[in-house]
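First comes the structure, then the notes that go with it.
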Amino acid sequence: MPTRPIPQGMIEIFLQPGELYFGDRTTRIRTLLGSCVSLVLWHPQQCIGGMCHYMLPSRQRPPGAALDGRYGDEALELLLRDIQASGNRPEDFRLRVFGGGNMFPTLARSRRPHVGRQNVEAAKRMIQQHGLTCHAAHVGGIGHRNLIFDIWSGQVALKQPAPIASPS
C-alpha cells in the first residue's frame, strides 16, 4: 500500500471494530479488517462519504434498542441515516465492500461458512435489499487487510499481506 501523507488540514479517523464514520473532504478513514467487513460509500460530486467496520451480519435486536455498528444490517442503516441527513440519496454514492477474510483457515471445516464469509454474504444481501450497486469489492481470501479511504478523492488504498504458512 503506498504511504501517502495526509495533506495539511485534514483529519484521520481510525475505525475500531463496530465503529463507523461519515465525513467530508477533510477526512481520511483507516481500519484493519480480518473477518470483519467494511462498506465504503462515497459521493463523487460532493466529496462526502463514510465507512463502517462491522463484526457480525446481524442480531436479534431487542425492541427499542439503539442501532449498533457491530452488526452489518445496523451499520448500513446508520450510514444510510447519515446520507439522508446530508440531503443526498444513497444511490448517488459509490459503494465498495472490503474484508471478510478467513482468519483461521487451518481449523477443521464445518458445514457452516466461517464468519468472514457470513459477513460478505450479508453485505451482498443488504446491498440488494436496499437497491444499491456495488462498484468494487475485495473480499474473502485468507488473513487481514489494511484499508485507507481518502474522502477528498474517493481513493481507497488496500494492502493484504500474503498469509504466513503454518509450521510443519
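Since every read-out is calculated from the coordinates, none of them should be taken as a lab result. None of these values were measured; they are calculated from a predicted model. So basically every Cβ, Gly included, is an ideal-geometry build from the backbone, and we count neighbours across all protein chains shown.
Summary of computed values
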{"read-out": "Two-decimal Rg to Rh for region 15-108 - Kirkwood Rh, Cα set", "value": "1.01"}
{"read-out": "Packing-based order for 69-75, 125-131, using average beta carbon neighbours within 10 Å, highest first", "value": "69-75, 125-131"}
{"read-out": "Order by protection proxy (mean Cβ within 10 Å, highest first), peptides 54-60, 6-12", "value": "54-60, 6-12"}
{"read-out": "Computed FRET value (nearest 0.05) for Asn88 with Arg30, which takes r as the C-beta separation and R₀ as 25 Å", "value": "0.60"}
{"read-out": "Local net charge near His138, Cβ-Cβ under 13 Å (Lys/Arg +1, Asp/Glu -1)", "value": "+3"}
{"read-out": "Per-residue ³J(HN,Hα) for region 14-24, Karplus 6.51 cos²θ - 1.76 cosθ + 1.60, θ = phi - 60°, Hz, x for Gly and Pro", "value": "10, 8, 8, x, x, 9, 8, 8, 10, x, 10"}
{"read-out": "nm² value of the averaged projected area, convex hull over the Cα atoms of region 67-121", "value": "4.9"}
{"read-out": "Rg/Rg_ref, the chain, where Rg_ref = 2.2 N^0.38 Å and atoms are Cα", "value": "1.04"}
{"read-out": "FRET E, pair Gln46, Asn146, Förster distance 25 Å, beta-carbon r, rounded to 0.05", "value": "0.40"}
{"read-out": "Counted charge near Gly72, where neighbours are those whose Cβ lies closer than 14 Å (Asp, Glu -1; Lys, Arg +1)", "value": "0"}
{"read-out": "Under Karplus coefficients 6.51, -1.76 and 1.60, residue-wise ³J(HN,Hα) of region 83-94 in Hz, glycine/proline x", "value": "4, 4, 5, 7, x, 10, 10, x, 5, 8, 9, 7"}
